Every structure is written in structure tokens, then in C-alpha cells.
Amino acid sequence: MVATPAHRETAVAADIPALDKMLDHAAFASALARHGRTELTLMLRSRLDRLRAQIVAGSVERTMLVPERIAQDIAEELETRHRPRLRAVFNLTGTVLHTNLGRATLPQAAVAAVVQAMTAPVNLEFDLQAGVRGDRDDLVEGLICELTGAEAAIVVNNNAAAVLLMLNTLANRREVIVSRGELVEIGGAFRIPDVMRSAGARLVEVGTTNRTHATDYEGAINPRTAMLMKVHTSNYAISGYTADVDIGALVEIGRAHGVPLAVDLGSGSLVDLAHWNLPKEPTVRETLAAGADLVAFSADKLLGGPQAGIIAGRVELVRRLKKNPLKRALRVGKLTLAALEPVLALYRAPDLLAQRLTSLRLLTRTEAAIGAQAQRLWPALQTALGDAYEATTAAMASQIGSGALPVGRLASQGFAIRRHKGRGSLDRLEAALRELPRPVISRIADKTLWLDLRCLEEVDEAAFAAQLPLLRP
Ligand SMILES: *Cc1c(COP(=O)(O)O)cnc(C)c1O
């Protein structure tokens, strides 16, 4: 069908095959079956247009117009175009709960529940006992109360939404007192003063950056005060000459003046991490037991669940949160609730949690186990790197991440990769790692590229090693 005169090598415009004939050529059959006629026509038309322009420039060889050749080029183009933008990566940054890499990875129990909620109708807002309309928060409220000692709880899109909802419901056009030592910015656009403004609340700052006292709060209370708020300084630590007011003391001040205390706990652990020799974080239960009226925390940080924000606390305050029209805008979908319920349920067996909850399992991997893994993987890695780079197994420190425990570090192991005899380039290597079929995310510091193996679980080890020969450093 396609004329390919034998007497010349360089193509002329007349050599370009007709689009319709091309589509019916056997070389396009599999692309047609996979992508359909509409998309293939678009791709083919733009390919032929480009070839036409190149022919005018006199740079096209006849062989490039053979249908098989064009079909192959288009198949490659289609593959790139259809590759999902959201992809699985290997997180070897050393930060376990990495916000840019999607924070907590979920345990299998959650995966099964999400698949079910995606593929079957579910009782999202339907009371199966009474046969009437229900409330989606009821699905997890009981569990949250059981695990935290709260009277009531609701779930919203994330912790930023939780803080916004608390402020807008309880302090719209009124004042909220916060210590100057707690006016945090969480990565991205969450800054306490900005959230206050968006919620319609007026921020009253008290104390100083390093020291705030009970008298500072007391002196700021007036009839316009709607609440006291304490914010976990998630991603930084102030050390040296410091003072802050603990929850118990703030509760007393609030009660004396009839003002509730809300706490933005940030990461909000449900269990005492000290049990696993991890740095201590305040738990939601402790915070409520100390008298906080409402506590807001993320579900995808230390809790290890899907992205969501939870507010737990006094029933009459939670009831008001539920009635705020903003709640409708900030609520979570069925997939989030499907994932959250089984994750929360794992906390009923705290003794088994470090095996079952993915994030805790990663945080509690021992340096010895990670080191043994580094030994196993080293030969394949060094071979893949070639002689421009030198990899050594090395001790390093992982971070928990997501603003939890900013100064706590976990002893870990992995690889330190350096250029060999001035050859290679760490930036190039870092990019080459990202170009692997399942991109590997690393970290460069001190003229060294670091691969922390803490988050490479043993089940993924073979897949990691299998793609190393594809590395083009
Ligand atoms: C992480 C964090 C937030 C924001 O939580 P998201 O779940 O990311 O919306 C708010 N406050 C504190 C103290 C945090 O640590």
C-alpha cells in the first residue's frame, strides 16, 4: 500500500502514506485494540504532520515512512502518554512519614476495605439496624472514643481542616489566645495566623518566642475570648531558656473563665511510642485526660492511616462542629473512612501493632536488620553503579517525618555513594535513580548520595534489586 520507490533514499511529501490506509494496516492492529480509533487517529495525524515538516526540511529517510516503523514510534509515544502520573516509588530518603511521598503507607487490612468500598455499595450514611439515614462519622466515632477516652469525635479531610473547623465553629469573630512560641508554619501553606484569619477568628498572641507563662494567658482573657489554643510545635524545637504552659494549667485557666481549650496535636499518636523505644510524643488520650476540651490530629502521620483529620473531645462541642455547614465541605469520602476503620481497629491490639501497622513496623525496624539488608544488596548496587561511583554500606539516621518529633533520629543503615576519582556526578546519579521503572528517591548531602534502607521492606527487596541493572548513572 505504501509506495517506496527504490531509486531514492530521501523521502518526498508524496511518500507519506494516507492516514486511513495506515490505520487499517496490520502494524497498527494492537494499538487500535488498546487505545481505540479516536486517540490513535490523533496521534497518527500529528506524527504524519511532523514527518511532513521534516520532509520539507529534507531530513527524512524513506525507511522512516514504513508503517511498521511509524507504528513502533507511536506505540512508544502512547506508552509514555498513558503511564500513570501517580506512581509507586522507593522512599530511600530516610524520612518515614514523608509528606511529598504520601506519608503513611497503609496496612493490608485497609487495602481490602478500600477495594470493597470502591466496588460495592456501602452503608456510608445508612443505619443498618434502624433502616434509616445515618451519619458517616458514626462508622469510626465509637472506635476513636474507645482508643482515646473522648466523649465524641468527627473526621474531616485533614488536620488543617480540623483546625479550621474548630476555630470557625467556636471562635468566629471572637478571640483565640495562642502562645508566640506556637505560631507554627507546617510545610506548605498551613500557618496558624493564616488559618485563624481564614476561620474568621482573631488571633491574640501572648508571651514570647521562647517563654510563655500562665499569667500571659490570664492577662489576655476578656469577654471576647472564645478559646485557648495550644499548638504542637511539630517541626521545630526551641531549646535553652524556655517555658511553656502545660495542658493542665491551661485547662484550669480556661475553666476559671468558662473558655474551652483546643489542642492542635499535629501528629497525634494513639499509643505511647516509648514502648518501642521511640521518642516520646504526647498521646491523644493523655491530652484529653489532662482536660483538653478538643484535640485535633492527623490520621496519616504517626497514626499510620489515610489522609484525614480527627477531632476528639467533649460531646457538646463536637455536636456544634457537626452542625457547622463547613463540616459538609470538609468531610471525608467513603474510601477514607473505609481505610481509617481497620487502621484504628489495629490499635485494639497494641502488642501486635508493630507487626501490623506499616508505619510503626518501619519505624521500629532495627539497625541490625537494615544493616543485614544493606550487606545483601551491596554487590548488585555496586555493579549497577559501575566504576564512576563507590558505594559503601554506612550507618545513618532516619527521621520520623511529618512534623513528628523534629529532633528525634532513628539509627539506620544504607548506602553512602561517592564519586570515584572525580568521575560521575551525584546530581546525574540522583536523576538516574528517579528514572528507574519504580523511581528511587534519594538524598544528597556532604558530597554523598545517601540511600537509607529503613523504608525498603523485605518484601520489596527483590523488586528493588531486579531493576538495578537498568540504572544508567
Ligand atoms: C501536620 C500538622 C498540621 C496539618 O495537618 P495535615 O493533616 O497535614 O493537614 C497542623 N498542625 C500541626 C501542629 C501539624 O503537625
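Run through the stretch 70-131 and list the trypsin sites (Lys or Arg not before Pro) located in a DSSP loop whose Cβ has at most 12 other Cβ atoms within 10 Å.
Counting only loop positions with at most 12 other Cβ atoms within 10 Å, the trypsin sites (Lys or Arg not before Pro) in the stretch 70-131 are 85, 87.
In degrees, nearest 10, range 0 to 90: what is the angle between the Cα axis of helix 29-56 and the longest Cα principal axis of the chain?
Here the helix axis deviates by roughly 60 degrees.
Treating only the Cβ of Lys, Arg, Asp and Glu as charged (+1, +1, -1, -1), what charge dipole size does the stretch 351-439 show about its Cα centre? Round to the nearest 20 debye.
60
Show me 114-120, 161-167 ranked by packing, highest mean number of other Cβ atoms within 10 Å first.
Highest-to-lowest ranking by the protection proxy: 161-167, 114-120.
If you scale each eigenvalue of the Cα gyration tensor by 5 and take the root, what three semi-axes come out for the chain, rounded to whole angstrom and sorted largest first?
Over the Cα atoms of the chain, the ellipsoid semi-axes are 53, 30, 22 Å.
Under 26 Å Cα to Cα from residue 322, which lysines show up? Leave out anything in the same chain fewer than 8 places away.
Hits, sequence-local ones excluded: 230, 301, 334.
With an 8 Å cut-off on Cα pairs and a minimum separation of 6 or more residues, tell me the relative contact order of the stretch 137-206 in percent.
31
Computing the accessible area with a 1.4 Å probe over protein heavy atoms, can you report the carbon and sulfur percentage for the stretch 337-473?
53
Ignoring any ligand, DNA or RNA, what whole percent of the accessible area of the stretch 136-244 comes from carbon and sulfur when the probe is 1.4 angstrom?
About 46 percent, which is the carbon plus sulfur part of the accessible surface.
Suppose every K and R has +1 on its Cβ and every D and E has -1 on its Cβ; what is the size of the dipole of the stretch 249-394 about the Cα centre, in Debye to the nearest 20?
The dipole of the stretch 249-394 has a size of about 940 debye.
Pop the C-beta distance of residue 59 and residue 89 into the FRET formula with R0 = 41 Å and round what comes out to the nearest 0.05.
0.60
Where does the chain land at 222 nm, in deg cm²/dmol rounded to the nearest 500, when only DSSP H runs of n ≥ 4 count, each adding -39500 (n - 2.57), divided by all residues?
About -12500 deg cm²/dmol.
Using a cut-off of 18 Å between alpha-carbon atoms, which lysines can reach residue 421, once sequence neighbours fewer than 8 places away in the same chain are excluded?
Qualifying lysines at Cα under 18 Å: 447.
Work from the charge dipole of the chain (Cβ charges, +1 for Lys and Arg, -1 for Asp and Glu, about the Cα centre) and give the residue of 349, 31, 160 farthest towards its positive end.
Checking the options against the dipole of the chain, the answer is 31.
How high is the relative contact order of the chain, in percent, with contacts defined as C-alpha pairs under 8 Å that are six or more residues apart?
18
To the nearest 20 Debye, how big is the dipole of the chain about its Cα centre, given +1 on the beta carbon of each Lys and Arg and -1 on that of each Asp and Glu?
The calculation lands at about 900 debye.
Quick one: of the DSSP bridges fully inside the chain, what percent are antiparallel, nearest 5?
Just about 60 percent of them are antiparallel.
How many percent of the accessible area of the stretch 1-100 is carbon or sulfur, using a 1.4 Å probe?
Summing carbon and sulfur atoms, their accessible area is 53 percent of the total for the stretch 1-100.
Could you tell me how many degrees, from 0 to 90 and to the nearest 10, lie between the Cα long axis of helix 67-82 and the main elongation axis, the longest principal axis, of the Cα atoms of the chain?
For 67-82 against the chain, the angle is about 0 degrees.
What translational diffusion coefficient, to the nearest whole µm²/s, does the stretch 101-183 have by Stokes-Einstein, given a Kirkwood radius computed over alpha-carbon pairs, a temperature of 10 °C and 1.306 mPa s viscosity?
98
Return one whole number: the accessible area per residue of the chain in Å², for a 1.4 Å probe.
In whole numbers, the chain has 48 Å² accessible per residue.
Just in the stretch 266-325: which trypsin sites (Lys or Arg not before Pro) are loop by DSSP and have at most 15 other Cβ atoms within 10 Å?
280
Around residue 37, what is the net charge, scoring Lys/Arg as +1 and Asp/Glu as -1 over all other residues with Cβ under 11 Å from its Cβ?
Surrounding charge for residue 37 is -3.
If you count the DSSP beta bridges with both ends in the stretch 236-318, what percent of them are antiparallel, to the nearest 5?
Approximately 50 percent, going by the DSSP bridge assignments.
Which three extents, in whole angstrom, do the alpha-carbon atoms of the stretch 192-249 cover along their principal axes, largest first?
34, 25, 19
Which one, 93, 124, 71, projects farthest toward the positive side of the charge dipole computed for the stretch 61-147 from Cβ point charges (K/R +1, D/E -1)?
Sorting the options by dipole projection puts first 71.
What FRET efficiency, computed as 1/(1 + (r/R0)^6) with R0 = 56 Å and r the Cβ-Cβ distance, is obtained for residue 329 and residue 10, rounded to the nearest 0.05?
0.35
Can you give the longest stretch of the chain with no exposed loop site, where a site means chymotrypsin sites (Phe, Trp or Tyr not before Pro) in a DSSP loop (not H, G, I, E or B) with at most 14 other C-beta atoms within 10 Å?
1-235
What nm distance separates the two modelled labels at residue 319 and residue 392, each placed 7 Å from Cα along Cα→Cβ?
Rounded to a tenth, the inter-label distance reads 6.6 nm.
Restricting things to alpha carbons, find the Rg to Rh ratio for the stretch 295-404 using the Kirkwood radius for Rh.
Across the stretch 295-404, the Cα-based Rg/Rh ratio is 1.17.
The values are calculated or read from the model by the stated rules, or taken from the named source; none is laboratory data. Since the structure is predicted, the reported quantities are computational estimates derived from the model, not experimental observations. When we count neighbours, we look across all protein chains shown, and the Cβ atoms used for this are built from the backbone with ideal geometry, even at glycine. Side chains included, ligands, DNA and RNA excluded: accessible areas come from the protein's heavy atoms. Shrake-Rupley method; radii C 1.70, N 1.55, O 1.52, S 1.80 Å.
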